[in-house]
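We did not get these values from a lab; they are worked out from the coordinates using the rules stated. For clarity, every value in this text was computed on a predicted model and none was experimentally measured. When we count neighbours, we look across all protein chains shown, and the Cβ atoms used for this are built from the backbone with ideal geometry, even at glycine.
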Amino acid sequence: MINVFIVEDHEMYLEGLSLLLKKQAGISVSGTAMNGTELLKLLPSIDPDILLLDAHLPDIGEEELLKTIRAARPSQKVIYLTLMRGTRFIHKLIKHSIQGYVLKNAPFDELLEAIKTVHAGGTYFSKDIDIIGKEDFRDTLTLEDRKVDEILSKREIEVLKLVCKEFSNAEIAEKLFLSVSTVETHRKNLISKLGVNNTVGLVKYALKNKLID
């Protein structure tokens, strides 16, 4: 069961999203909050697998809130929900190690895919954001002074190593007990986060960082 906690300041959207998620097999909504202050008060007493955060809460800025969450719970998985497509904004959030960024006008199935992917140890960025923001992700995430485990999740590193060994998506899915679509998402996110264009670029990155021989 994937335990989700939602933070959203628009009551109608909050209630609608909560009801939709509660109807999904394998997902539970453990609670909700309508602003950052309320979330921080509840944080010591909740333990969600994933925090779904509205990107523009009325009381606390997104970076300040993320810093506070990370200080209290460094490994907390966070997915942002927003209408913002601006890559500068996304750039700021990625620096605080968010695991997902989903547009509010994306299909509900995409949010479900994001939740399942992040819960499995991956990252998920809305498809439109991936295309629009690829150059910004490249600038942010390929800095020489960043370690591999600061850029990629453990699951992404596992997928990367298998990709470099020329396993197909289906073979990787079988080895890691994932769906093929989840592996495809990991591949897409690896290419985006590492700022490469194809599998050759992934192999070069893995060799450079001694992930493979």
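Loop only by DSSP, 11 or fewer other Cβ within 10 Å of the Cβ. Give me the trypsin sites (Lys or Arg not before Pro) in region 1-77 that pass, ordered by residue number.
The qualifying sites are Lys23.
For the chain, what is the relative contact order in percent, using Cα pairs closer than 8 Å and at least 6 residues apart in sequence?
14 percent
When a/c reaches 1.5 or more, the comparison of a/b and b/c decides; with that in mind, is region 142-213 rounded, prolate or oblate per its Cα gyration tensor?
The shape class here is prolate.
Using each residue's phi in region 38-46, evaluate 6.51 cos²θ - 1.76 cosθ + 1.60 at θ = phi - 60° and report the 3J(HN,Hα) Karplus result to the nearest Hz, with x for Gly and Pro.
Working through the residues one at a time gives 5, 4, 5, 5, 7, 3, x, 9, 10 Hz.
Return one number: the angle in degrees, 0 to 90 and rounded to the nearest 10, between the long axis of the Cα atoms of helix 108-119 and the longest principal axis of the Cα atoms of the chain.
70 degrees
From the cross-link list Lys41/Lys210; Lys104/Lys210; Lys175/Lys204; Lys116/Lys165, which pairs have alpha carbons spaced over 32 Å apart?
Lys41/Lys210; Lys104/Lys210, as the Cα separations exceed 32 Å there.
Per the helix-only calculation at 222 nm, which mean residue ellipticity applies to the chain, given -39500 (n - 2.57) for every DSSP H run of n ≥ 4 and division by its residues, nearest 500 deg cm²/dmol?
Dividing the helical sum by the residues of the chain leaves -15000 deg cm²/dmol.
May I ask for the angle, rounded to the nearest 10°, between helix 11-22 and the longest principal axis of the chain, with both axes built from Cα atoms and the value confined to 0 to 90°?
Taking Cα atoms only, the helix is inclined about 60 degrees.
Under a 10 Å cutoff between Cα atoms, tell me which one of Gln99, Gln24, Gln76 has the largest fluctuation in the Gaussian network model of the chain.
The residue with the greatest mean-square fluctuation here is Gln24.
What residue among Phe125, Phe177, Phe108 has the largest mean-square fluctuation in a Gaussian network model of the chain, using Cα springs under 10 Å?
Residue with maximal mean-square fluctuation among Phe125, Phe177, Phe108: Phe177.
Where Lys and Arg each count +1 and Asp and Glu each count -1, what net charge lies around Ile115 among other residues with Cβ under 12 Å from its Cβ?
-2
Just to be sure I follow the definition: excluding the sites themselves, where is the longest run in the chain that has none of the GluC sites (Glu not before Pro) in a DSSP loop with at most 15 other Cβ atoms within 10 Å?
The longest uninterrupted stretch comes out as 1-143.
Can you give me the angle between helix 199-208 and the longest principal axis of the chain, using Cα atoms only, in degrees from 0 to 90, rounded to the nearest 10?
Orientation of helix 199-208: about 80 degrees from the principal axis.
Grab the other residues whose beta carbon is less than 12 angstrom from that of Ser30, score K and R as +1, D and E as -1, and report the net.
-1
Rg to Rh ratio, the chain, alpha-carbon atoms and Kirkwood radius?
Taking Rh as the inverse mean 1/r over Cα pairs, Rg/Rh reads 0.96.
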